[in-house]
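Chemist: Attaching a single structure in structure tokens format; questions to follow.
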Amino acid sequence: MIGKKIIETEAISSARVKEILEDFSQDNELNYEQNLTLNHLARFKKFSAEDTEEIMEKLQEEHPNLRTRAIVHIVDLVPQDLADLRLIFAKEPYQPDKEEMEQILEILEQYDIIE
């Protein structure tokens, strides 16, 4: 990676990555790593790209203490219970209480999961 440097980083959801790669593949040929990423993303249950954006906005609105990275992990990993959610927050500086985590799970339950 001579001569390359990271200018900016931004946490984005896997649904958005999949959408970007699919759009890119219509005009260009994907390289090996891009194909692997697209195949990997197709294997897991997730929310649609539109639902993902909506969930992220709602979580940011209702829980302003959550970092964007934690919100992306929530929509990507689709936690089913408090134990799953606690794992996501294990290394986060902000630790939501049980009531907040239940509210997060309630928000996720409002949306359909794509298998």
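Chemist: Among the residues that make up segment 51-69, is at least one of them over 28 Å from residue 90 (Cα atoms), open to solvent by less than 90 Å² (accessible area, probe 1.4 Å) and touching a residue at least 24 places away in the same chain (Cβ under 8 Å)?
Modeler: Scanning segment 51-69 turns up no residue that is over 28 Å from residue 90 (Cα atoms), open to solvent by less than 90 Å² (accessible area, probe 1.4 Å) and touching a residue at least 24 places away in the same chain (Cβ under 8 Å).
Chemist: Looking at (1) surrounded by 10 or more Cβ atoms within 10 Å (Cβ to Cβ); (2) in a loop (DSSP other than H, G, I, E, B); (3) among the small types (Gly, Ala, Ser), which one does residue 3 not meet, given that it meets all the others?
Modeler: So residue 3 meets the others, but not (1).
Chemist: Applying the selection to segment 10-38, what residues are open to solvent by 50 Å² or more (accessible area, probe 1.4 Å), assigned to a helix (DSSP H, G or I) and among the aliphatic types (A, V, I, L, M)?
Modeler: Those that are open to solvent by 50 Å² or more (accessible area, probe 1.4 Å), assigned to a helix (DSSP H, G or I) and among the aliphatic types (A, V, I, L, M): 20, 36.
Chemist: Of all residues being in contact with a Phe, Trp or Tyr (Cβ under 9 Å, 6 or more places away or on another chain) and open to solvent by 10 Å² or more (accessible area, probe 1.4 Å) in segment 78-100, which is farthest from residue 58 (Cα to Cα)? Just the residue, please.
Modeler: 95
Chemist: Has segment 60-75 got any residue that is more than 23 Å from residue 17 (Cα to Cα), among the polar types (S, T, N, Q) and in a loop (DSSP other than H, G, I, E, B)?
Modeler: The answer is yes, given that some residue of segment 60-75 is more than 23 Å from residue 17 (Cα to Cα), among the polar types (S, T, N, Q) and in a loop (DSSP other than H, G, I, E, B).
The values are calculated or read from the model by the stated rules, or taken from the named source; none is laboratory data. This one's a predicted model, so the numbers in the text were calculated from it and none came from an experiment. Cβ coordinates were reconstructed from backbone atoms using ideal geometry, including for glycine residues, and neighbour counts include every protein chain displayed. Keep in mind that these areas ignore ligands, DNA and RNA; they rest on the heavy atoms of the full protein, side chains included. Shrake-Rupley method; radii C 1.70, N 1.55, O 1.52, S 1.80 Å.
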